[in-house]
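Here's the structure, in structure tokens; my notes come after.
Please treat every number below as a calculation from the coordinates, not as lab data. Being a predicted model, the structure only gives us computed values, none of them experimental. We place every Cβ from the backbone using ideal geometry, glycine too, and count neighbours over all the protein chains shown.
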Amino acid sequence: MSDARPPVESLDYEQARDELAEVVRTLEVGGLGLDESVALWERGEALARRCEERLAGARERVEKALDDARGQDD
């Protein structure tokens, strides 16, 4: 994994998801020192939160669109 990673806040859902999968694979393989493992774990936690935020936003948009569509049917 590169040290020049973009801030988690700048990632879209797919970017955060893909990097999170890479973090998980790296941690599962092992072989890292304690400090590096902890830093990677923390990055993974931040990536997971970012994914959850992006999914929540998408869910709200879908629910609003459905509510708007239901309102037009009345």
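Odds and ends about this structure:
- Any hit, the range 34-43, residues being under 11 Å from the mean Cα position of the chain (by Cα), surrounded by 10 or more Cβ atoms within 10 Å (Cβ to Cβ) and at negative phi: yes
- Test result for VAL23, in a helix (DSSP H, G or I), surrounded by 13 or more Cβ atoms within 10 Å (Cβ to Cβ) and more than 11 Å from the chain's Cα centre (by Cα): yes
- The sole residue among GLY57, GLY71, GLY31 that is of a type outside the set (Val, Ile, Thr), on the phi > 0 side of the Ramachandran plot and surrounded by fewer than 14 Cβ atoms within 10 Å (Cβ to Cβ) is GLY31.
- Number of the exception - LEU32 against (1) under 16 Å from PRO7 (Cβ atoms); (2) of a type in the set (A, V, I, L, M, F, W, C); (3) not in a helix (DSSP H, G or I): (1)
- Applying a threshold of 8 Å to beta carbon distances and a minimum spacing of six or more residues, or different chains, the list of pairs starting in the range 52-74 at a residue that is in contact (Cβ under 8 Å) with a residue 12 or more places away in the chain and ending at one that is outside any helix (DSSP H, G or I) and of a type outside the set (A, V, I, L, M, F, W, C) reads ARG54/ASP12.
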